[in-house]
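Report on one structure; see the data block that follows.
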Amino acid sequence: MRILQLHCDKIEYTPTEKEIKSAEETDLATKKFDEIVVAFVAVEEGDDSSVAKKAIQEILESMNKVGCKKLLLYPYAHLSSKLASPNSALNVLKEMQSLAQGLDVSRAPFGWTKSFMIQVKGHPLAETSKIITAKDEDETSEAVKAESKIKSFWHIMTPDGIMHDFKDFDFSKHKQLEALSKYESDKKRSVDESSPHVKLMKKMAIADYEPASDSGNLRFYPNGRLIKSLIENYVSEKIREYGGIEVETPIMYDSHHPSMESYFNRFPARHYSINAEGKHLFLRFSACFGQFLMANDFQMSYRNMPVRLYEITRYSFRREQSGELVGLRRLRAFTMPDCHAFCKDMDQAIEEFRKRFELSRQVILGLGLEESDVEMAIRFTEDFYKQNKSLIQELVKKIGKPVLVEMWKEKFFYFILKWEFNFIDNLGKASALSTDQIDVENGKRYNIEYTDENNIPQNPIILHNSPSGAVERIIYALLEKAAADIKKGKKPEFPLWLAPTQVRIISVKPEFFNYCEGLADKISSSDIRVDIDERNESVAKRIRDSEIEWIRYTLVVGEKEINSEKLNVRDRKTGEVREHVFDEFIGEVKNETKNKPFLPLNMTRRLSLRPQIMV
RNA sequence: GCUUCGAUAGCUCAGCCUGGUAGAGCGUUACCUUGGUAAGGUAAAGGUCGCGGGUUCAAUUCCCGCUCGAAGCUCCA
């Protein structure tokens, strides 16, 4: 809504002719007013009661200031180019009129061409203009709002199964756990240091911010896409081995769909919303909805349970607070494997829960993280703990080091048990990777049913597992580990199976290029990513570049190699230069990458033909 | 989201305090060099100093707003 507001000595207007069919009925007499505030109003698309209310409020405030009690609302279309329809505009104007109680309010007829004469006072507040828009609805979910009211009790559980009071626990040998617990966290960190992985994600041409999108929606360069694909493939493979069945579900949902509204209010995340064709859609924050709605349509018997549905969600969206976003650690759009197991009862759920705990551990280690890189937190309701103490002790024992425990007096979310593995980075920041939850609510909420042994329909217990956590976050963790190595004076590296280039060939002279091409063909036929640096640079310079790109193996090809048919292999990891016969070398690379997925080089093979993406 | 800080060439940064429209290194391009395990040489191109407004004769420089980013708070995959 746009308003031009004038404090007048006098105004008079005369309706001359109807401008639109739906013009209000009115008499054609001239109306005169003295000592009055005139508000010329253009009602715009989307203006509603809240706008009417706000507008009147603002008008009242300014009228108080100038000490005037008479108001004339004057429909004036020319203030805006995106007008509301005449019907809704008239309604809004009428609403404004009725809202302006305690004033002497008049309203000029709507839909008429009018002639008018006006005399405006000369004081500074006599002429003002206002633009009023509907304020953003507060769509924060109830769960987000309620989160701050949760009562939790914090403990540390040691591998012997003993719960220690949080305050009394000696963290001196468990600095990472301390960081996770935020207990006396070191507040004097070097302030100027920014998250090291952000620099590396750019330098290694993995990902970058995209200012033209929303914050937290990143672009992934060829290296980043390749690494993401490899991680996605690896996790998917592991989940398939465990018994997960891959599905695909939509990324947006109608927030007024009956099963959505309540779930929405039980999930503690802010969401993106999209209005299209009168529907109010929101972007998923996980695969939960999609898989629940799908399971709802399945016919299931107790014999089928557990049913395990899996999706790699590209993307899941969470509209995190802008100040929380950092590089690949915290995003608004991220890729997350999400695997739900629908179980017939608590016994089965717990059995399944154990399997997924092992799966998650295996996946984290397979991705190149170590047990010492992650700290576990486990959260549960007091009731669940009383009934399942031994399960929790068993999990902590497997981890073999103290674990952070949060106990809720009563069930707060839809789950009664949840654990995560948290990665602690160079700045002492903790981020959750793998997680699993026991959900006792959504089976009912989504009316997911299976038929039990007695032919009675039952709602399953649902487990929500992400064995790796967000894929981007895995890359973040690997980069942070690399940054830690740099700090320690060690060479940073990727696990070989994730390296964008695994082998680089450098030809000493241009004449050898054809030979190099043949060699590269041979190597890549064994599923190894190999490229060729044939740029017009010195060998030393090209070796240096290979080092800077963290390339594990560099093969220098000159007369000697061509004549001897032996490979000259520079191994960046050990720093030595070795001679290998071809098969021996291939064997070494394949051995280092065994049981891991492979994808071909995601770049032009010849360096001289490549665009340069980062320094 | 809030508080504090920042944005200058593709990248990393200097200049700004004390206003008079810019510099380096790397990278890019061209030429020379035909190389043996972490930087061969010469030259050139490349900037509406994040965007918008204000102050001023004059703004990259001072002030305000916005956008994007960083740290902290809070939170999570």
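Between A:Asp347 and A:Ile562, what is the label-point separation in nm under the 7 Å Cα-to-beta-carbon projection?
Once both label points are built, they end up 7.4 nm from each other.
Sort A:431-443, A:110-122, A:225-237 for me by packing, meaning the mean count of neighbouring Cβ atoms within 10 Å per residue, highest on top.
Highest to lowest by the protection proxy: A:431-443, A:225-237, A:110-122.
How big is the charge dipole of region A:1-90 about its Cα centre, in debye rounded to the nearest 20, if each Lys and Arg gets +1 on its Cβ and each Asp and Glu gets -1 on its Cβ?
With Lys and Arg at +1 and Asp and Glu at -1, about 200 debye.
Length gain on complete extension for the stretch A:Lys173 to A:Lys53, per 0.36 nm per residue less the alpha carbon to alpha carbon distance?
Gain on extension, A:Lys173 to A:Lys53, equals 37.2 nm.
Using a Förster radius of 41 Å, what is the FRET efficiency between A:Leu599 and A:Lys411 based on their Cβ-Cβ separation? Nearest 0.05, please.
The value I calculate is 0.40.
Quick one: of A:Lys94/A:Lys121; A:Lys355/A:Lys573; A:Lys398/A:Lys491; A:Lys167/A:Lys203; A:Lys173/A:Lys203; A:Lys490/A:Lys522, which pairs are farther than 30 Å apart, Cα to Cα?
A:Lys355/A:Lys573; A:Lys398/A:Lys491; A:Lys167/A:Lys203; A:Lys173/A:Lys203; A:Lys490/A:Lys522
At 222 nm, what value in deg cm²/dmol follows for chain A if DSSP H runs of at least 4 each add -39500 (n - 2.57) and the sum is divided by all its residues, to the nearest 500?
That calculation yields -9500 deg cm²/dmol at 222 nm.
Cα gyration tensor of region A:2-131, axes a ≥ b ≥ c as square roots of the eigenvalues: rounded (a/c below 1.5), prolate (a/b > b/c) or oblate?
oblate
Might you report the magnitude of the Cβ-based charge dipole of region A:496-609 about its Cα centre, with Lys and Arg at +1 and Asp and Glu at -1, to the nearest 20 debye?
320
Scanning chain A for helices, which whole DSSP H stretches are 15 Å or more long along the axis (Cα) and average 0.0 or more by Kyte-Doolittle?
Span-like helices in chain A: A:389-399, A:471-487.
What does a probe at A:Glu25 reach in region A:94-126, counting residues whose amide N is under 20 Å from the point 7 Å along Cα→Cβ?
Taking a point 7 Å out along Cα→Cβ of A:Glu25, the residues of region A:94-126 whose backbone N falls under 20 Å are A:94-95, A:107-113.
In region A:390-419, which GluC sites (Glu not before Pro) fall in coil by DSSP and have 14 or fewer other Cβ atoms within 10 Å?
A:Glu410
Convert each backbone phi in region A:30-46 into a coupling constant with the Karplus relation 6.51 cos²θ - 1.76 cosθ + 1.60 (shift: θ = phi - 60°), then list the ³J(HN,Hα) values in order as whole Hz, x for Gly and Pro.
6, 10, 10, 9, 10, 6, 9, 9, 9, 10, 7, 10, 10, 8, 10, 3, x
Where Rh denotes the Kirkwood radius from the mean inverse Cα pair distance, what is Rg over Rh for region A:496-609?
0.92
Which order do peptides A:288-297, A:415-424 fall in by mean Cβ count within 10 Å, highest first?
Packing order, densest peptide first, comes out as A:415-424, A:288-297.
Which of A:Leu60, A:Trp419, A:Leu281 sits farthest toward the positive end of the charge dipole of chain A, with +1 on the Cβ of Lys and Arg and -1 on the Cβ of Asp and Glu?
Farthest towards the positive pole: A:Leu60.
What aspartates and glutamates sit close enough to A:Lys21 to cross-link, taking a C-alpha to C-alpha distance under 17 Å and skipping anything fewer than 8 places away on the same chain?
The reachable aspartates and glutamates, counting only those whose Cα sits under 17 Å from A:Lys21, number zero.
Rank A:Leu83, A:Thr30, A:Leu99 by how far each Cα sits towards the positive end of the charge dipole of region A:1-113 (+1 on Lys, Arg Cβ; -1 on Asp, Glu Cβ) and give me just the farthest.
A:Leu99
Based on the mean of other beta carbon atoms within 10 Å per residue, what is the order of A:399-405, A:467-473, most packed first?
For the peptides A:399-405, A:467-473, the packing ranking is A:467-473, A:399-405.
Quick one: if the Förster radius is 56 Å, what FRET efficiency do A:Glu45 and A:Phe153 give, using the C-beta to C-beta distance and rounding to 0.05?
Efficiency, rounded to the nearest 0.05: 0.60.
Which values, in whole Å and largest first, are the semi-axes of the equivalent ellipsoid of region A:1-79 obtained as the square root of 5 times each eigenvalue of the Cα gyration tensor?
Value: 22, 19, 9 Å, ordered largest first.
Can you pull the one-decimal nm distance between simple spin-label points at A:Asp104 and A:Lys199, each 7 Å off the Cα toward Cβ?
Distance between label points: 7.2 nm.
Ignoring ligands, DNA and RNA, what percent of the 1.4 Å accessible area of region A:510-559 is carbon and sulfur?
Percent of accessible area from carbon and sulfur atoms in region A:510-559: 48.
Taking 0.36 nm per intervening residue step and subtracting the Cα-Cα distance, what contour gain separates A:His280 from A:Asn454 on full extension?
58.5 nm
Tally the DSSP beta bridges in chain A and give the antiparallel ones as a percent, rounded to 5.
About 75 percent, rounded to the nearest 5.
Return, for the Cα atoms of region A:3-49, the radius of gyration and Dmax in Å, separated by a comma.
Using the Cα atoms of region A:3-49, the pair Rg, Dmax is 13.5, 34 Å.
Computed FRET efficiency, Cβ-Cβ of A:Arg303 and A:Lys401, R0 30 Å: what is it to the nearest 0.05?
Result of the calculation: an efficiency of 0.15.
Accessible area per residue for chain A in Å², computed with a 1.4 Å probe and the full protein assembly in place, what is it?
Normalised by residue count, the accessible surface of chain A is 48 Å².
Find the relative contact order for region A:2-131 and round it to a whole percent, using C-alpha pairs within less than 8 Å whose residues are 6+ positions apart.
44
Give me, ordered by chain and number, the residues 5 or more places off A:Glu534 or on other chains with an amide H under 5 Å from its own placed amide H.
Answer set, sorted by chain and number: A:Leu607, A:Ser608.
What spacing in nm lies between the two simple spin-label points modelled at A:Glu12 and A:Leu609, each 7 Å away from Cα in the Cβ direction?
A separation of 8.5 nm, rounded to one decimal place.
Taking Rh as the Kirkwood radius, which is the inverse of the mean 1/r over Cα pairs, what is the Rg/Rh value for chain A?
Ratio value, two decimals: 1.12.
The values are calculated or read from the model by the stated rules, or taken from the named source; none is laboratory data. These numbers were taken from a predicted model, which means no experiment stands behind them. Backbone-built Cβ (ideal geometry, glycine too); neighbour counts: all protein chains shown. Surface accessibility is based on the protein's heavy atoms, side chains included, excluding ligands, DNA and RNA. Shrake-Rupley method; radii C 1.70, N 1.55, O 1.52, S 1.80 Å.
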